[in-house]
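A short write-up of the structure that comes next.
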Amino acid sequence: MGLLNWFTGLFEADEASGDGGGAADAPAELDLQVDVERRAGAIMEHYELASEDARRIAEILDAAVSREDGYARTMIVDQLVREVDVDEDRARTIVDTEVGSIRNLARVRKFTAQSDDEVSVRWVDSVGRDDSPVCADVRSAIDAEGPVTPDRLRELIREAASDHDGGTPERAEDLIPHESCRHTVVRHFETS
């Protein structure tokens, strides 16, 4: 795949779901995986849900993102509203937050698998809709330091999220600085 195709593919996948909308997100070149047990625990704690509801949400997310023909966030939201005790707004927040996390974790796994060296990443808002102070702080820190490792990105997310109301430092391992984050992990390549 050429660099131009890779670059446009990065933005097309996020734009397709940028409005939380109806376009299907195909798994394409990302290996979208959900550790149902771990994700259920995080969902239960973060959203203060009953363990059965959190587990069901994790199972629904796993089934949706692993569909061969892709998924649509609105369909996942509708399923959560029907099957779990959450209203539509809360379901949308959960889906946007957790799917973003699942996709970013898949990107990190992909970048790491593609490289024999240490991977450097940046944190970008691919759709221009996330103007949160948490992510602004993460981007500023990366601008000051230069590209960072995925582990350093998690540290920066934890630090920035701790400094702001609405930040989610406890979700830094999942690359979630705040709910409904629209930022994307992108790999940095050194040019000679």
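The values are calculated or read from the model by the stated rules, or taken from the named source; none is laboratory data. Since the structure is predicted, the reported quantities are computational estimates derived from the model, not experimental observations. Here the Cβ positions follow ideal geometry from the backbone for every residue, glycine too, while neighbour counts run over all protein chains shown. These area figures cover heavy atoms from the full protein model, side chains too; ligands, DNA and RNA do not enter into them. Shrake-Rupley method; radii C 1.70, N 1.55, O 1.52, S 1.80 Å.
I'd like to check something: does region 69-85 contain any residue that is open to solvent by 10 Å² or more (accessible area, probe 1.4 Å), within 25 Å of Asp125 (Cα to Cα), under 15 Å from the mean Cα position of the chain (by Cα) and not β-branched (Val, Ile, Thr)? Within region 69-85 (the criterion being open to solvent by 10 Å² or more (accessible area, probe 1.4 Å), within 25 Å of Asp125 (Cα to Cα), under 15 Å from the mean Cα position of the chain (by Cα) and not β-branched (Val, Ile, Thr)), the answer is no, since none of the residues qualifies.
Return a yes/no flag: does region 106-121 have any residue that is outside any loop (DSSP other than H, G, I, E, B), of a type outside the set (Lys, Arg) and farther than 19 Å from Glu29 by Cβ. Yes, some residue in region 106-121 is outside any loop (DSSP other than H, G, I, E, B), of a type outside the set (Lys, Arg) and farther than 19 Å from Glu29 by Cβ.
This table checks each residue for (1) touching a residue at least 40 places away in the same chain (Cβ under 8 Å); (2) in a helix (DSSP H, G or I).
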site	(1), (2)
Ile94	yes, yes
Trp123	yes, no
Arg152	no, yes
Val186	yes, no
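For region 161-173, which positions are under 11 Å from Ser101 (Cβ atoms) and open to solvent by 20 Å² or more (accessible area, probe 1.4 Å)? Walk me through it before giving the result.
Filtering region 161-173 for residues under 11 Å from Ser101 (Cβ atoms) gives 168, 171-173.
The one that is under 11 Å from Ser101 (Cβ atoms) and open to solvent by 20 Å² or more (accessible area, probe 1.4 Å): Glu173.
The condition of being surrounded by 17 or more Cβ atoms within 10 Å (Cβ to Cβ) and in a loop (DSSP other than H, G, I, E, B) holds for only one of Ile176, Ile157, that being Ile176.
All conditions but one from (1) modelled with pLDDT under 95; (2) surrounded by 15 or more Cβ atoms within 10 Å (Cβ to Cβ); (3) out of contact with any Pro (no Cβ under 8 Å at 6 or more places or on another chain) apply to Asp19; the one that does not is (2). From the list Ala106, Ala113, which one is under 16 Å from Leu32 (Cβ atoms), of a type in the set (Gly, Ala, Ser), out of contact with any helix residue (DSSP H, G or I) (no Cβ under 7 Å at 6 or more places or on another chain) and open to solvent by 50 Å² or more (accessible area, probe 1.4 Å)? Exactly one residue qualifies, and that residue is Ala113.
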